[in-house]
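Below is one structure; the comments refer to it alone.
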Amino acid sequence: MAQSGVAPSSWLRSVVAWGAGAGLAALLARYGKPRGAAIGAVALATAALIATLFAPAVDGVHRWLDLGPLQINAAALFLPAMIVGLAAIGIARPMALVSACIAATVLLVQPDASQLTAFAIAASVLIVRSGLATRWKALALVIAAVFAIAGWTRPDPLQPVAEVEQIFAMCLAVSPFLALLAGLALAATAAAPLAHSSSDGAIALCAYFLAVSIAPFFGWFPVPLVGLGMSFPAGFWLGMGLLLGQPGSVAASRITR
């Protein structure tokens, strides 16, 4: 970004988000009460997503919330933690199902096909691994698929921003090796949840990260973690922090020792 002329005041925010997010994740993993943090994450994410519909639109698209001088992508910031929270609560519980349906509906209205598809895939993982009866699992999976397909039919008038949606093209222009390194780093980071846990939450979070990372190949969607923006790295850390604080994770085992 720096070599492509992007102002330091823009890309330095991403660096700050990585550091601040890591600190928050460490606090959440060590001091957060697993169930309380999970319920709070689901409630906060649901409220934040709903709030985007009442925030000012950008070319008719509602994805952001203004926080002072910052503009945050609510889905990128809160969905990772919400997915872990849904897994911890149990997606078969009424609160979790209602929250998941509300989140999917808001993502459809915004619209955001990338986040909606990734969230639908993560929710499907949790549904398949839940204790629901087979017929209810099948119905829930059909509903998730309908949401995802509907998301791709919604018009998205936003034009791509080079340092957000086309960051790999910028990397290639500076150094093909840098582009390769960035791609490998993104893939490794997307799979990071599985290095710490084999829980439902870890598998669903990994599925979400992989899906949202692949989506830019099919449309003008932000490239998570590599592209410009504070919401994706901060959201990644919040999701990981909540995951690492759950019983059964490697971090939780070390903390209890």
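The values are calculated or read from the model by the stated rules, or taken from the named source; none is laboratory data. Predicted, not measured: the structure shown is a model, and the values here were computed from it. Here the Cβ is made from the backbone with ideal geometry for all residues, glycine too, and neighbour counts use every protein chain on show. Heads up: the accessible areas ignore ligands, DNA and RNA and are worked out on the full protein's heavy atoms, side chains in. Shrake-Rupley method; radii C 1.70, N 1.55, O 1.52, S 1.80 Å.
Tabulated results
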item: Per-region count, region 9-47, residues free of Cβ contacts under 8 Å to residues at least 60 places away in the same chain and open to solvent by less than 70 Å² (accessible area, probe 1.4 Å); result: 10
item: Residues satisfying the stated conditions in region 172-197, i.e. touching a residue at least 24 places away in the same chain (Cβ under 8 Å), open to solvent by less than 80 Å² (accessible area, probe 1.4 Å) and more than 23 Å from the chain's Cα centre (by Cα); result: V174
item: All helices (runs of 4 or more DSSP H) inside region 147-257 with 3 or more residues being at pLDDT 95 or above; result: 176-190, 200-214, 231-244
item: Pairs where the first residue, in region 95-119, is under 11 Å from L53 (Cα atoms) and the second is surrounded by 24 or more Cβ atoms within 10 Å (Cβ to Cβ) and of a type in the set (F, W, Y), C-beta under 8 Å, 6+ apart; result: L107/F119
item: Test: residue in region 48-71 that is in contact (Cβ under 8 Å) with a residue 60 or more places away in the chain, touching a Ser or Thr at 6+ places or on another chain (Cβ under 7 Å) and open to solvent by 20 Å² or more (accessible area, probe 1.4 Å); result: no
item: Residues of region 84-143 classified as among the small types (G, A, S) and either assigned to a loop (DSSP other than H, G, I, E, B) or surrounded by fewer than 17 Cβ atoms within 10 Å (Cβ to Cβ) (or both), total; result: 6
